[in-house]
Amino acid sequence: MLTSANHIDFIGDELDLVAEVWDSHLYDSENYMCLIDEEEFQLCQTNALYRDGMASDEDVYNLCIYIMAEQSLHMAKDAYEALDLYLELRQHINDIL
């Protein structure tokens, strides 16, 4: 069964890789980090809303799962496949509308 959690994990992994590559190119650059108060951080962390792995709109997610099953589409394995899948799903949804 395809889940949005798997897709989100994939995107998170890709973003981690991008951040790692980006960070490796910051030679001799100025550090723009700012220190924050631990209590403020804890307050923000306590009040933060975290996604549960479900897409923002459950109806759109279910429609995409249905289209993927009908069209024999599979979950993307890399960023390029994810873009292709997004564009194909978007076209199918636009055709429905």
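The values are calculated or read from the model by the stated rules, or taken from the named source; none is laboratory data. The shown structure was predicted, so the numbers you read here are calculated from the model rather than taken from an experiment. Neighbour counts run over all protein chains shown; Cβ positions are idealised from the backbone, glycine included.
Values computed for the structure shown
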| read-out | value |
| --- | --- |
| Check on Asp59, loosely packed, with under 10 Cβ neighbours inside 10 Å, part of a helix (DSSP H, G or I) and not aliphatic (A, V, I, L, M) | yes |
| Whichever residue in region 22-45 is of a type outside the set (A, V, I, L, M, F, W, C) and modelled with pLDDT of 90 or more and, among such residues, is nearest to Gly12 (Cα to Cα) | Gln42 |
| Extreme residue, nearest to Ile11 (Cα to Cα), among residues of region 75-95 that are over 15 Å from the mean Cα position of the chain (by Cα) and in contact (Cβ under 8 Å) with a residue 24 or more places away in the chain | Leu89 |
